[in-house]
């Protein structure tokens with residue numbers, strides 16, 4: 001009886017070196033790796049939707065590169081400059097981390113959030129869906145009353 005490489009049991013896949021499983025494609029991924037890949041796709045999609053909404057509303061923002069190593073460990077995904085009316089103090093920024101449903105902050109992210117809060121008395125917001133992000137924007141940005 002021959003073992004079909006596309007039906008390798010999970011307990012065997014976990015014991016195999018990653019480089020041996022790679023040629024099998026999705027069939028060579030462990031359940032944990034598949035879940036991580038799915039969550040990363042969900043997070044990327046959320047970030048794309050958030051960036052589109054920010055552009056639609058004409059807000060100035062910067063987005064950290066997704067899935068790339070940067071020297072800014074722990075920095076949130078979005079730094080958004082909040083509009084202000086002429087003559088009303090300095091500008092404010094909104095720091096937002098996007099996470100897929102059920103996602104968790106990394107150690108670096110937790111450290112950044114803690115340090116940012118200590119220094120600014122403000123917090124980095126974490127959002128898990130677009131509706132939550134829209135609600136935040138609607139809450140922090142006052143419509144022009146001109």
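Structure summary
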| item | result |
| --- | --- |
| Tally, over the range 75-102, of residues that are under 27 Å from residue 57 (Cα atoms) and modelled with pLDDT under 90 | 14 |
| Within the range 42-58, tally of residues that are without any contact (Cβ under 8 Å) to a residue 12 or more places away in the chain and under 11 Å from the mean Cα position of the chain (by Cα) | 2 |
| Some residue of the range 66-74 being in a loop (DSSP other than H, G, I, E, B), surrounded by 12 or more Cβ atoms within 10 Å (Cβ to Cβ) and at positive phi | yes |
| Qualifying residue in the range 67-74 (condition: touching a helix residue (DSSP H, G or I) at 6+ places or on another chain (Cβ under 9 Å) and more than 21 Å from residue 115 (Cα to Cα)) | yes |
| Tally, over the range 5-26, of residues that are in a loop (DSSP other than H, G, I, E, B) and either modelled with pLDDT of 85 or more or surrounded by 11 or more Cβ atoms within 10 Å (Cβ to Cβ) (or both) | 3 |
| From the options 130, 119, 82, 105, residue that is over 17 Å from residue 40 (Cα atoms) and in contact with a helix residue (DSSP H, G or I) (Cβ under 9 Å, 6 or more places away or on another chain) | 82 |
| Some residue of the range 32-52 being at positive phi and either in contact with a strand residue (DSSP E or B) (Cβ under 9 Å, 6 or more places away or on another chain) or not in a helix (DSSP H, G or I) (or both) | no |
| Single unsatisfied condition, residue 90 versus (1) part of a loop (DSSP other than H, G, I, E, B); (2) on the phi > 0 side of the Ramachandran plot | (2) |
| Subset of the range 121-141 (residues that are part of a loop (DSSP other than H, G, I, E, B) and over 15 Å from residue 54 (Cβ atoms)) | 121, 122, 123, 124, 128, 129 |
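Condition check ((1) at pLDDT 85 or above; (2) within 23 Å of residue 4 (Cβ to Cβ); (3) more than 11 Å from the chain's Cα centre (by Cα)) across all residues:
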| position | (1), (2), (3) |
| --- | --- |
| 28 | no, yes, yes |
| 38 | no, no, yes |
| 64 | yes, no, no |
| 69 | no, no, yes |
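The values are calculated or read from the model by the stated rules, or taken from the named source; none is laboratory data. These numbers come from a predicted model, not from an experiment. Glycine gets a Cβ as well: all are built from the backbone with ideal geometry, and neighbour counts include every protein chain shown.
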